[in-house]
């Protein structure tokens with residue numbers, strides 16, 4: 001994702017952020033290209049939402065749609081200030097947004113704790129405003145929680161994984177945990193990108209440290 005190589009690695013203030021727009025940049029596709037489920041609400045009854053930022057959202061989305069019990073996924077922008085941003089605006093570093101994956105999951109088949117395990121192991125949560133060679137605010141590690149129970153589980157998991165990383169001689173965790181807030185769908189060509197482009201770029205990579213059992 002080339003724009004990220006020149007992106008700013010400092011969060012802008014609300015006053016510095018780009019103004020954005022009042023309407024979505026485009027309408028997302030109706031169905032998930034892999035799971036054949038709704039990409040946008042309404043979602044199937046009984047499902048819940050989770051939102052994660054773990055670097056380039058192409059690879060992150062593919063990793064999460066592969067989890068049994070995940071009903072749908074979508075990539076988009078969250079955690080910033082600019083309403084309905086474009087990809088180029090996010091990559092400028094002037095929206096404050098992160099590249100995130102919105103996960104629709106069935107809690108009868110997969111627990112939020114299981115998704116957190118995938119999150120921690122699939123990327124490096126110690127790198128601040130980057131993942132590997134991808135540098136910028138949109139590549140930061142983040143968990144965006146949808147209720148108090150998710151926050152409690154996310155914070156407990158962060159503490160557990162931080163201990164595991166410390167014991168392995170790794171750097172401290174930089175993952176932010178914030179309320180989910182607004183989610184803006186990314187442009188249609190980003191949705192399930194690595195399914196449509198199997199040879200496309202994926203910079204996703206973990207630390208090699210397993211999430212501790214019972215953590």
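Take the range 133-143 and flag every residue that is under 19 Å from residue 87 (Cβ atoms) and in contact with a helix residue (DSSP H, G or I) (Cβ under 9 Å, 6 or more places away or on another chain).
Of the range 133-143, the ones under 19 Å from residue 87 (Cβ atoms) are 133-140, 142.
Matches in the range 133-143: 133, 134, 135, 136, 137, 138, 139.
Condition check: farther than 20 Å from residue 215 by Cβ, in a loop (DSSP other than H, G, I, E, B) and within 17 Å of the chain's Cα centre (by Cα). Does residue 174 satisfy that? Criteria not met by residue 174.
Table: residues versus (1) on the phi < 0 side of the Ramachandran plot; (2) surrounded by 15 or more Cβ atoms within 10 Å (Cβ to Cβ); (3) assigned to a helix (DSSP H, G or I).
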{"residue": "101", "(1), (2), (3)": "yes, yes, no"}
{"residue": "115", "(1), (2), (3)": "yes, yes, yes"}
{"residue": "159", "(1), (2), (3)": "yes, no, yes"}
{"residue": "163", "(1), (2), (3)": "yes, no, yes"}
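Can you name the residue in the range 117-132 that is in contact with a helix residue (DSSP H, G or I) (Cβ under 7 Å, 6 or more places away or on another chain) and part of a helix (DSSP H, G or I) and, of all such residues, is farthest from residue 64 (Cα to Cα)? Among those residues, the one meeting the criterion is 120.
Look at (1) modelled with pLDDT of 95 or more; (2) farther than 26 Å from residue 150 by Cα; (3) buried (at least 21 other Cβ atoms within 10 Å of the Cβ); (4) in contact with a helix residue (DSSP H, G or I) (Cβ under 9 Å, 6 or more places away or on another chain) and you find that residue 75 fails only one, number (2). Across the range 21-52, what is the number of residues that are outside any strand (DSSP E or B) and either in contact with a helix residue (DSSP H, G or I) (Cβ under 9 Å, 6 or more places away or on another chain) or closer than 21 Å to residue 181 by Cβ (or both)? The number of residues fulfilling the criteria is 19. Do we have residue 185 as in contact (Cβ under 8 Å) with a residue 12 or more places away in the chain, buried (at least 16 other Cβ atoms within 10 Å of the Cβ) and under 28 Å from residue 22 (Cα atoms) here? Criteria met by residue 185. Out of contact with any strand residue (DSSP E or B) (no Cβ under 7 Å at 6 or more places or on another chain), over 17 Å from residue 180 (Cα atoms) and either surrounded by 23 or more Cβ atoms within 10 Å (Cβ to Cβ) or at pLDDT 95 or above (or both): does that describe residue 89? So residue 89 fits the description; yes. When 52, 57 are checked against the criterion of being closer than 13 Å to residue 185 by Cα, under 14 Å from the mean Cα position of the chain (by Cα) and touching a residue at least 60 places away in the same chain (Cβ under 8 Å), 57 stands alone in meeting it. For the range 5-20, a tally of residues being farther than 16 Å from residue 187 by Cα, in contact with a helix residue (DSSP H, G or I) (Cβ under 9 Å, 6 or more places away or on another chain) and in a loop (DSSP other than H, G, I, E, B) returns 7. Given the conditions (1) in contact with a helix residue (DSSP H, G or I) (Cβ under 9 Å, 6 or more places away or on another chain); (2) surrounded by 15 or more Cβ atoms within 10 Å (Cβ to Cβ); (3) part of a loop (DSSP other than H, G, I, E, B), report the number of the one that residue 200 does not fulfil. Every condition holds for residue 200 apart from (2).
The values are calculated or read from the model by the stated rules, or taken from the named source; none is laboratory data. The model shown is predicted, which means the values in this text are computed figures rather than measured ones. Methodologically, a virtual Cβ is constructed for each residue, glycine included, from the backbone with ideal geometry; neighbour enumeration extends over all protein chains shown.
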